[in-house]
Amino acid sequence: MLTGGAGSPNRSGMVDPALNLAGGSLILPQPLPLDGGQSLERVEVAYETYGKLNAEKSNAVLICHALTGDHHVASPHPITGKAGWWVRTVGPGKPIDTDRYFVICANVLGSCLGTTGPASPAGDGQPWAMRFPVITIRDMVRTLVALLDSLGIDQLHAVIGGSMGGMQALSFAANWPERTRAVLVIASTARHSAQNIAFHEVGRQAIMADPKWEGGNYYAKGKGPESGLAVARMAAHITYLSEAGLTEKFGRRLQDRTEKTFGFDADFQVESYLRHQGLSFTDRFDANSYLYITRAMDYFDLAEEHGGRLAEAFAGVKARFCLVSFDTDWLYPTAESRVIAHALNAAGAPVSFVELSAPFGHDSFLLDVPAQDRVIAGFLNQ
């Protein structure tokens, strides 16, 4: 069942009419099987589309979003009112050109902006909370494939993702190889490292140590574990930046003062910045969703899903691939993309690979990097 459409009232702010924005929500007609052995009934998927699907249905591009992203790629966020998270990349005449492509983005399974997740009502009408089954990246992609089925799209022109979105793009190509002709993976990895799992665990423990978490059953209380979620976001946000970027932006400069206070206020600009990032995040994200999505990322190991050899994941894949990394990204460094490139070569899949220079760390794929724009446009338009 589809709801919504162009001009749906769940959006705030002005949208460029040239985007041909549409979307809404969809209830999957069949139960969704999960890697953990369970299944979910009546899964709701929130999504947006931009541009127009051609008569042959051959120009569809699926964008997969990152951990704290959503389906508002190029439209204002309904809670914050801020511009879409990739508005500089998606639109008429932009690298992902909506005059040329029909662009789709859906909120991932387990999230909190319209797609079924722990804050959604279970069969008894109460929020799932921690009764929600643990999910995987592949479960997220199953949801996307079911959405494409409902939209009548058998094969994509391309699937694109950065960070966790790149994990979804890789999983899509490995498990549904006939469903896309091209795969663009930016600042991502084929498996989560011990260091990345460790960072996520710090965030999860911060949430669960907050007394207002209450075992995940905080929805009826009005406010949840905002302090814990803010700390989790602060810790994660550090991994999205580079040391050079932090030094250039903040250095050791003090915040609105000329001398240190010899206390524990935010003396330094970087402290103030991180506190702001943490607090503002709690306005738009659910703490339990953060637990579930980070766990899905930690479970991701594409080689493990295919007998321990990454090349086997791509055996028989006909799609062409493009891998992009950044020289200042220490969360998913270039070495991770190189491993994927080697596996694709071993599988005989066509692949191009580029490391771009940018000062922004992992977040470079979201920011103004003209070289990335050229790579995206060049790859899509081949």
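Descriptive notes on the structure:
- Flag for F285 being over 30 Å from V141 (Cα atoms) and assigned to a loop (DSSP other than H, G, I, E, B): no
- If the condition is being polar (S, T, N, Q) and either surrounded by fewer than 16 Cβ atoms within 10 Å (Cβ to Cβ) or at positive phi (or both), then the range 271-318 contributes only S280.
Condition check ((1) modelled with pLDDT of 95 or more; (2) assigned to a loop (DSSP other than H, G, I, E, B)) across all residues:
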| residue | (1), (2) |
| --- | --- |
| E56 | yes, yes |
| V61 | yes, no |
| H71 | yes, yes |
| H77 | no, yes |
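- Verdict on I376 being in the same structural domain as I135 (by TED's automatic domain parsing), touching a Pro at 6+ places or on another chain (Cβ under 8 Å) and at pLDDT 95 or above: yes
- For the range 17-29, filtered to residues that are touching a strand residue (DSSP E or B) at 6+ places or on another chain (Cβ under 9 Å) and part of a loop (DSSP other than H, G, I, E, B), the residue that is farthest from P92 (Cα to Cα) is L28.
- Scanning the range 365-377 turns up one or more residues that are touching a Gly at 6+ places or on another chain (Cβ under 6 Å) and either of a type outside the set (G, A, S) or surrounded by fewer than 21 Cβ atoms within 10 Å (Cβ to Cβ) (or both).
- Flag if A66 is buried (at least 24 other Cβ atoms within 10 Å of the Cβ), of a type in the set (G, A, S) and part of a loop (DSSP other than H, G, I, E, B): yes
- A single entry from A287, A313, A296 fulfils the requirement of being of a type in the set (G, A, S), under 18 Å from H192 (Cα atoms), in contact (Cβ under 8 Å) with a residue 12 or more places away in the chain and in contact with a Leu (Cβ under 6 Å, 6 or more places away or on another chain): A313.
- Total residues in the range 206-223 satisfying the condition of being modelled with pLDDT of 95 or more and small (G, A, S): the figure is 4.
- Restricting attention to the range 308-356, the residues that are under 20 Å from the mean Cα position of the chain (by Cα) and either small (G, A, S) or outside any loop (DSSP other than H, G, I, E, B) (or both) add up to 10.
The values are calculated or read from the model by the stated rules, or taken from the named source; none is laboratory data. Only a predicted model underlies this, so the values are computations on that prediction, with no experimental measurement involved. Here the Cβ is made from the backbone with ideal geometry for all residues, glycine too, and neighbour counts use every protein chain on show.
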